[in-house]
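J.: I'd like to ask some things about the structure below.
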């Protein structure tokens, strides 16, 4: 993980507006969201291993992917770049079971916080600059 300085950090914005602006620029709501926090994630590579993440906390309302985001405000945290390095292929230690094929067939990451090359950090910085321009102070 590589933390990026950003003018976006600590800014409070409407969740619905932010979701629309960021989705139009390649971001998606990260899968680990909850009613009081989440992140917008953007893959920086075609293999979906290097990501720019914009974490946020909900300051008003609640986050609910199914409902309209009316009256929900978020405060952005400090953005960062992360890289997941995975074993290629199937996990040789996976066990057969009724649901195991759905859950246990893929390998664990070799390094969930792999070293991030400077080229990815630069690409993330350019993408973050684009996003920061949408949110003038």
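Derivation of every value follows stated rules applied to the coordinates shown; laboratory data play no part. On a predicted model such as this, the values are computed, not experimentally measured, just so you know. Cβ coordinates were reconstructed from backbone atoms using ideal geometry, including for glycine residues, and neighbour counts include every protein chain displayed.
J.: Exposure proxy check: 19, 126 ranked by fewest other beta carbons within 10 Å?
T.: Numbers: 19 19, 126 11.
Fewest-to-most Cβ neighbours within 10 Å comes out as 126, 19.
J.: For a footprinting-style exposure proxy, rank 33, 120 by other Cβ within 10 Å, fewest first. Show your work: numbers first, answer last.
T.: Values: 33 16, 120 20.
Neighbour counts put them in this order, fewest first: 33, 120.
J.: Now, a different point. Quick one: 57, 14, fewest Cβ neighbours within 10 Å first, how do they rank? All intermediate terms of the calculation are to be shown ahead of the outcome.
T.: On the way: 57 14, 14 17.
The order, fewest Cβ neighbours first, is 57, 14.
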